Amino acid sequence: MKAAVAIFVKTPGRSPIKTRLAESLGRSQAEACYRLSAQCVAESVADAGLIAYWAVAEEDQPGASFWDGFPRIAQGEGSLGRRMAQVHSDLVARHGAAILVGGDLPQIRPSELRQAGDWLASDAPRQSLGAARDGGFWLYGSNRKHSAKAWESVPYSTAETADRFVAAIGVGEWQMLPTRTDLDRDADLEPVLHELRALDPAGRSQRQMIEWLERCLERVA
């Protein structure tokens with residue numbers, strides 16, 4: 001069994017992208033930040049040696065010019081909880097274990113993804129969670145399916161999301177990965193840059209992200 005990773009993304013120009021970040025940086029800069037961040041995530045997933053998919057928000061998925069490199073699957077319709085439930089269940093059925101990540105954590109480490117994949121390669125029910133500093137989570141993986149009702153019972157984008165999610169899913173042993181900062185608002189730019197600088201080594205896209213964030217912070221200073 002080899003865990004599959006689904007990177008949840010929205011397509012710039014087709015869906016609103018990082019609207020809170022866009023309030024301070026402007027739409028074009030927020031989209032540029034998001035594209036580079038998603039590229040960092042994709043590079044880390046590839047370096048981890050795991051099976052990878054783009055989980056694309058738009059029903060009529062774009063062509064190979066956007067979100068290329070990995071197969072594309074649709075998130076489906078409904079709430080975030082329902083969409084995550086659908087993608088996760090489908091990939092568990094295909095691969096035995098599935099890991100969900102967003103495109104907004106450029107500082108994700110291949111070693112952390114491998115750690116989660118190795119943990120989930122078990123016959124026993126297991127879960128892996130990476131908490132975010134805002135109360136949410138940047139990674140969730142499991143080798144079991146869960147009901148859509150459990151996923152949808154969680155209030156997302158709150159300070160209690162991760163705790164409520166663990167309580168709702170509940171089953172099996174839990175692996176807790178380090179807490180990281182999601183890139184959602186201008187206040188997140190400096191913490192994310194700090195976490196990127198701590199990588200040893202940083203990937204090619206992550207080094208580009210460091211340079212982009214340094215220029216961005218100079219402009220808004």
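The values are calculated or read from the model by the stated rules, or taken from the named source; none is laboratory data. In this text the structure is predicted, and so the values were computed from the model without any measurement. Cβ atoms come from the backbone with ideal geometry, glycine included; neighbour counts cover every protein chain shown.
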For region 186-210: of the residues being aliphatic (A, V, I, L, M) and surrounded by fewer than 16 Cβ atoms within 10 Å (Cβ to Cβ), which is nearest to Asp104 (Cα to Cα)? Ala187
Taking interchain pairs and intrachain pairs at least six residues apart, which have beta carbon atoms under 9 angstrom, with the first residue in region 117-134 and free of Cβ contacts under 8 Å to residues at least 24 places away in the same chain and the second part of a strand (DSSP E or B)? Ser122/Glu173
Quick check on this structure: which one of Leu80, Leu100, Leu113 is within 22 Å of Val192 (Cβ to Cβ) and buried (at least 24 other Cβ atoms within 10 Å of the Cβ)? Leu113
Output for region 106-120, where each listed residue is under 28 Å from Trp212 (Cα atoms), out of contact with any Ser or Thr (no Cβ under 7 Å at 6 or more places or on another chain) and not polar (S, T, N, Q): Glu112, Arg114
Counting only residues that are closer than 21 Å to Leu105 by Cα and of a type in the set (D, E, K, R), which one in region 40-66 is modelled with the lowest pLDDT? Glu58
Determine, yes or no, whether Trp174 is more than 26 Å from Leu21 (Cα to Cα), of a type in the set (Phe, Trp, Tyr) and surrounded by 13 or more Cβ atoms within 10 Å (Cβ to Cβ). yes
